[in-house]
1. For segment 190-206, which residues satisfy the criterion of being within 15 Å of Glu231 (Cβ to Cβ) and more than 11 Å from the chain's Cα centre (by Cα)?
2. May I ask you to list the residues in segment 112-133 that are modelled with pLDDT of 90 or more and surrounded by fewer than 17 Cβ atoms within 10 Å (Cβ to Cβ)?
3. Among Arg220, Arg198, which is buried (at least 17 other Cβ atoms within 10 Å of the Cβ), out of contact with any Cys (no Cβ under 8 Å at 6 or more places or on another chain), at pLDDT 95 or above and not polar (S, T, N, Q)?
4. Being modelled with pLDDT of 90 or more, over 22 Å from Met209 (Cβ atoms) and surrounded by 14 or more Cβ atoms within 10 Å (Cβ to Cβ) narrows it down to one of Phe109, Phe152, Phe137, so name that one.
5. Listed residues Ala110, Ala147; which is among the small types (Gly, Ala, Ser) and within 22 Å of Ser23 (Cβ to Cβ)?
6. In segment 185-223, which residues are touching a helix residue (DSSP H, G or I) at 6+ places or on another chain (Cβ under 7 Å) and of a type in the set (Asp, Glu)?
7. Report yes if Ser166 is free of Cβ contacts under 8 Å to residues at least 40 places away in the same chain, assigned to a helix (DSSP H, G or I), small (Gly, Ala, Ser) and farther than 18 Å from Val217 by Cα, otherwise no.
Amino acid sequence: MLAGGGMRETLEANVVWDDIEPSIFTRLMEFAYYEDYSVPHLLEKASSNPPPGPRARWRGGNDFDESEHNEYLNSRNINSWMMDYEGGDNGGENGGDRPGKWSYCREHFATLMPLSPEHHWFNDLRGWNRTGYSTAFMLHIKLYVLADRYNFDALTELCLQRVRASLFAVNLEEEFRETLVEMLKFAYSNTGRFDTLRMMLIRYCIVQMNQLKRHGVLSRLVEELPDIASELLLEIPQQIWEDAL
């Protein structure tokens, strides 16, 4: 089944595709023929210091490092944060103590992805000390904008699924914070208000707002994208406001 009810025919016609990067056009052709598109692997950075890991979460013991612990807490992904409320002292089986942000994350980002080589792009994001975020994320973003422009609905939906799953799994490391700014700038330049992708990125900023503010990213976004301030305020749900008070 072809996307858009005739995507292959559209691509094979004598159409002039202006301003399309070769890598994006390649993925467009991949999807037209295989209903999928390839995603580049993230690479592991060369580093003399081990990345923060699960042991950094727990106090006590000779190997505990306060700065490592704090960096882990401030940078970990949505999936890891939500797991704190899946059971035990914080959430319990009924989730009665879960904050409003937990429900917001579950509604907009929670994703079940099998651990499969087919989904390496998702598994890569779950690691620490990675590089290449911009290449991977901007591929999804640019392909989405192109697919949306030409009403290739199946490709549009696949791009959205991959962005959603990626935001759920990615750690908020410094390099990804820069990628987030890049994605938002591109989205604001190429989509309208209430666009699905744009709203997804807005919601991610709401979920990670404390960390974005801590690293100066939020003030930078407000300065460079004036409309984002009002869109953030209008999107924040009442329950999150109440939890913050």
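1. Scanning segment 190-206 gives Thr191, Gly192, Arg193, Phe194, Asp195, Thr196, Arg198, Met199, Ile206.
2. Across segment 112-133, the qualifying residues are Thr131, Gly132.
3. That would be Arg198, the only listed residue that is buried (at least 17 other Cβ atoms within 10 Å of the Cβ), out of contact with any Cys (no Cβ under 8 Å at 6 or more places or on another chain), at pLDDT 95 or above and not polar (S, T, N, Q).
4. It is Phe152.
5. Ala147
6. none
7. no
The values are calculated or read from the model by the stated rules, or taken from the named source; none is laboratory data. Predicted model, so just to flag it, every value in this text is computed and none were measured. Reconstructed Cβ throughout: ideal geometry from the backbone, glycine too, with neighbour counts over all protein chains shown.
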